[in-house]
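Comments concern the structure below.
The numbers here are math on the coordinates, done by the rules we state, and not lab data. Quick caveat: nothing in here was measured; it's all calculated off a predicted structure. Ideal geometry is used to build each Cβ from the backbone, glycine not excepted, and the neighbour counts take in all protein chains shown.
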Amino acid sequence: MTRDGKPVRRLMMALILGVALLCLAPLSSVSAQDAAAANGIAIKVNGTTAKKIGLLFVSEGRLYAPVARIAELLGAASKWDNVNEELTIHTAVNDTIVLGNGVPVVYFNEGRYRMDAYPFLKSGRLYMPLRQLAELLHADMKANAGQDAIELTTVKPAVVTEDAGLDEISKTAGGSKTALLKRNDLDAKSQVKPGTKLKVIMPSFLEKPAKPFTESDLMLLAKITMVEAGYEPFEGQLALANVILNRVKDPKFPDTIHDVIYSGRQFPPAHNGLLDKSKPNASSLRAAKDALNGRNNIKDAVYFFNPEVSRGPYWSSLDEIATIGHHRFAR
C-alpha cells in the first residue's frame, strides 16, 4: 500500500505548480487526486497570503482559480450579470474585461480576442486559468515550490522618460515595440512623451483577434433562434444558433448567416413571414451572441429536427450528435 507522505505530497505540489506556470501539462499527468491537492497551495498577492480564495483545481493541464476573488485581490472591481452569465471587470490599470461562461472569446477594452481556454461556472463561481487571469489583471505570476505557493504581483505601468523610451521599455517587458504600442491603444504615429504611462503586461491572446460579426448578423441569428427554438431551454437555443454557424463554415452550404437562413427549406419561417415578425428575447439574444463568440455544444452538426415530426429514412440516416430538448442535432 502506498502512503501519501510528505515526499509524495511535495511531488504533487511541484507538478501542480509547474502546471500553473506552464499551462501545458497533459491532464493525465495531474489526476483528480492531484487536483484536490491544489487546495494546499497558498496564493500570495503582493507579498501577503490571501484568505478566502476558494477552490483551486486542475483541469486539462491548467490551474484554475475563481476570477472575481482574484480580481478583487489585485485591485479590480467586478460585476456579475446573471442573465447573460457574464463577468465585467474594471482593472487597476483601467482595462475593461468581459468574460462569459463557456465562451472562448474575451472582450478586452475595444477588442474581441480568442483565448486558449474558456472560463466556466463551477459551484456558482466563474473560473479560468490562473496564469491567463494574471495577464488580464496586469500581474506577474511566479511559483514558489518551497512554500507551496503561487505569488501574484501587481505590475505598475512603465513611465516613459528621456532615457527610457519605447525601445527600452519594450525590451525590458520582453516584447516588441509594436506589441507595446498595441497594448496601449497606440500606433507608430502616436506621440509618446516623457511622463506617459504604458501597460507592459501583454496578454497572449492579443495576437488572436476573434472573427468579427455585425449587429445585423447577431439580430438575424437571434430572430431565427427565437422562432425555431424560443420554447427550448438555453442549451437548445445555443445548439440551434450553432447549426447555422456550422453551415456557414461547411462548403456544402452558403457562406453567410443570411444566405444559410433564406436558402433551402430547413427554415420555413424565413419564407412565411414569421421570421420578420420575430422579436428575440434575452435568452435567444444570449444564445446567438455566445454562438458567434465560439461557444458550441453540438460540435459540427448541420441539421436539426424534431423526431416526433420528422421521420423516415433520410432523418434516420444522419449521424446524430446530440439530443437537446425536443430537437436532435446531426450531420
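Some points to look at:
- Computed extension gain for Ala117 through Asn82, at 0.36 nm per residue and net of the alpha carbon distance, reaches 10.5 nm.
- Between Ser59 and Tyr64, the built amide H atoms are under 5 Å apart, and every one of these is 5 or more places off in sequence or on another chain.
- Mean residue ellipticity (222 nm) of the chain, computed from DSSP H runs ≥ 4 via -39,500 (n - 2.57), nearest 500: -9500 deg cm²/dmol
- For segment 46-98, the list of GluC sites (Glu not before Pro) that fall in a loop by DSSP and count at most 14 other C-beta atoms within 10 angstrom reads Glu60.
- Calculated FRET value between Asn272 and Lys197, using beta carbons and R₀ = 45 Å, to 0.05: 0.20
- Debye log10 I(q)/I(0) at q = 0.06 Å⁻¹ for the chain, Cα point scatterers: -0.28
- If the segment from Ala322 to Glu110 were pulled out straight at 0.36 nm per residue, it would be longer than the present Cα-Cα gap by 72.8 nm.
- Here the 3J(HN,Hα) profile of segment 125-131, calculated from phi with Karplus coefficients 6.51, -1.76 and 1.60 at θ = phi - 60°, is 10, 8, 10, 8, x, 5, 4 Hz, Gly and Pro shown as x.
- Model label sites at Thr214 and Asp163, defined 7 Å from Cα along the beta-carbon direction, differ in position by 5.4 nm.
- Put simply, the amide H of Asp250, placed in the peptide plane, has no neighbours under 5 Å, leaving out anything fewer than 5 places away on its chain.
- Phi angles of segment 164-171 translate, via the Karplus equation with coefficients 6.51, -1.76, 1.60 and θ = phi - 60°, into HN-Hα couplings of 10, x, 4, 4, 5, 5, 5, 5 Hz per residue; Gly and Pro are given as x.
- Distance-filtered residues of segment 75-113 - backbone nitrogen under 16 Å, label point 7 angstrom along Lys156 Cα→Cβ: 75, 92-94
- From phi via Karplus (6.51, -1.76, 1.60), per-residue ³J(HN,Hα) for segment 304-310 in Hz, x at Gly/Pro: 9, 7, 9, x, 7, 10, 9
- Qualifying GluC sites (Glu not before Pro) for segment 151-254 [loop in DSSP, other Cβ within 10 Å: at most 14]: Glu162
- Helix 234-249 and the long axis of the chain differ in direction by around 80°, with both axes built from C-alpha atoms.
- Residues whose amide H lies under 5 Å from that of Lys122, counting only those 5 or more places away or on a different chain, are Tyr127; hydrogens are built 1.01 Å from N in the peptide plane.
- Under the combined filter of DSSP loop state and at most 12 neighbouring Cβ atoms within 10 Å, segment 183-291 retains these chymotrypsin sites (Phe, Trp or Tyr not before Pro): Tyr231.
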